[in-house]
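What follows is a single structure, written as structure tokens, with notes after it.
The values are calculated or read from the model by the stated rules, or taken from the named source; none is laboratory data. Keep in mind that this is a model prediction, so the values were computed, not measured. Cβ atoms come from the backbone with ideal geometry, glycine included; neighbour counts cover every protein chain shown. The accessibility values were calculated without ligands, DNA or RNA, using every heavy atom of the protein model including side chains. Shrake-Rupley method; radii C 1.70, N 1.55, O 1.52, S 1.80 Å.
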Amino acid sequence: MMKRGILVFNHIDHEWRVWIGQSSYWIDQGYHFEIQINNQYLRAYLEKDLDWFVTLNNDVIFVLHNQEIYKIRLKIQDYIRVDAPF
């Protein structure tokens with residue numbers, strides 16, 4: 001089941017987080033989701049080199065800006081809540 005949320009940069013940990021409602025989820029390199037661009041959702045893979053970026057539709061590279069908030073959709077069962085016990 002796809003859920004809508006946002007992708008936000010955590011400036012303390014220097015990592016991205018997914019927020020769905022009031023819950024925060026881990027996201028790291030290699031995770032896949034859909035990102036909204038121009039009112040259209042595109043398949044994206046999170047990656048990091050010198051900057052964090054996503055590869056869209058296995059073709060286009062898009063650099064993420066840590067001051068921006070991105071609308072996304074994802075399969076929530078593939079993600080772990082930040083406050084979940086390990």
Residue satisfying condition, being modelled with pLDDT of 90 or more, at negative phi, open to solvent by 60 Å² or more (accessible area, probe 1.4 Å) and of a type in the set (A, V, I, L, M), within set ILE37, ILE80, ILE61: ILE61
Filter region 64-77 down to residues that are open to solvent by less than 100 Å² (accessible area, probe 1.4 Å) and either in contact with a Leu (Cβ under 8 Å, 6 or more places away or on another chain) or over 19 Å from TRP19 (Cα atoms) (or both), then give me how many there are. 3
From the list VAL18, VAL8, which one is open to solvent by less than 40 Å² (accessible area, probe 1.4 Å) and in contact with a Gly (Cβ under 7 Å, 6 or more places away or on another chain)? VAL18
Pick out, from region 18-62, the strands (runs of 3 or more DSSP E) lying fully within it that include 1 or more residues that are within 14 Å of LYS3 (Cα to Cα) and in contact (Cβ under 8 Å) with a residue 24 or more places away in the chain. 23-26, 32-37, 40-48
